[in-house]
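The values are calculated or read from the model by the stated rules, or taken from the named source; none is laboratory data. Just so you know, these numbers come straight off a predicted model, no measurement behind them. Positions of Cβ are generated from backbone atoms using ideal geometry, with glycine treated the same way; all protein chains shown enter the neighbour counts. The accessibility values were calculated without ligands, DNA or RNA, using every heavy atom of the protein model including side chains. Shrake-Rupley method; radii C 1.70, N 1.55, O 1.52, S 1.80 Å.
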Amino acid sequence: MKIKKTLWVHFLFVLILSGIFYPLLFILANSFKPLKEAYHSILSLIPKPFTFHNFSYLFENLPLLQITWNTFFIATVITVVKLVLSFFAAYAFTYYQIKFKRIWFLLIIATMFIPFTVSMVPNYLLMSKLQLIDTSWGVILPQFADAMGIFLLTQTMRGIPKSLLEVAELDGVSQRDIMQSIVFPLTRHAITSTGIWFFITSWNEFVWPVLILKSTDQYTLPLAMQTYISSEGGTNFTVAMAISLITMMVPLMLYIIFQKYIIGTFVSAGIK
């Protein structure tokens, strides 16, 4: 009876894994198929014949290197600024005596539940007023602060004994040195995982960039992918799969490398 139960658990586990990995294998296989062959054997995971035509088509018809650089630049700047602001905000909420500190913290956390559509129009009007439409900075500026980052780093810093910092202050250590030599090393893993999370979400962002960016030279990879997907027909399916593969490679590799930090940060934040 126990063996039968174990077999069912393993079967369910394999079924779940298949559901997770099949879309990735589907993208990989169809990105190397000719368009005609893809429509005839769309579910097949073995490309016959195998071709690089879809990738060469992309490089011939899109400034793909420029688009990749745009995506990398936007994601990197947003990640760095979000991390810096989240770290300083979390440090202040954890160790400084601020009037109505708990209320301010709850108000910041509450912004996570505000739908994007509420802030979309005001942000767009502001970017238009600043003449940042169709620029990378128009995508970047409204995303400089993040309540999730502040929450995760605050929860991590609360796990550091305050007595450790108090001893450092009694020894005459400055706040800058405390942050740099004590708090930062102890929260390094949480900062790394939060940074990877910021980078992945910024890399894959579509809705806000599609409102701001108009010219092809300013596109990000998700926007470039959309140019080959049409709800009215004429979709270049295999080319869309090829650019999907390029789009997902960087965040996928980052997640695989740093997954233990990402999972560990969310688990520890939830426990605390």
Top-ranked residue in region 102-141 [being buried (at least 16 other Cβ atoms within 10 Å of the Cβ) and either of a type in the set (S, T, N, Q) or farther than 28 Å from F72 by Cβ (or both); ranked as farthest from the chain's Cα centre (by Cα)]: F105
Residues of region 27-65 classified as aliphatic (A, V, I, L, M) and part of a helix (DSSP H, G or I), total: 8
Failed condition for K99, given (1) over 21 Å from A242 (Cα atoms); (2) open to solvent by 70 Å² or more (accessible area, probe 1.4 Å); (3) assigned to a helix (DSSP H, G or I): (3)
Residue in region 72-95 that is assigned to a loop (DSSP other than H, G, I, E, B), in contact (Cβ under 8 Å) with a residue 40 or more places away in the chain and open to solvent by less than 40 Å² (accessible area, probe 1.4 Å) present: no
Unique match (being free of Cβ contacts under 8 Å to residues at least 60 places away in the same chain and under 30 Å from T194 (Cβ atoms)) among F50, F59, F105: F105
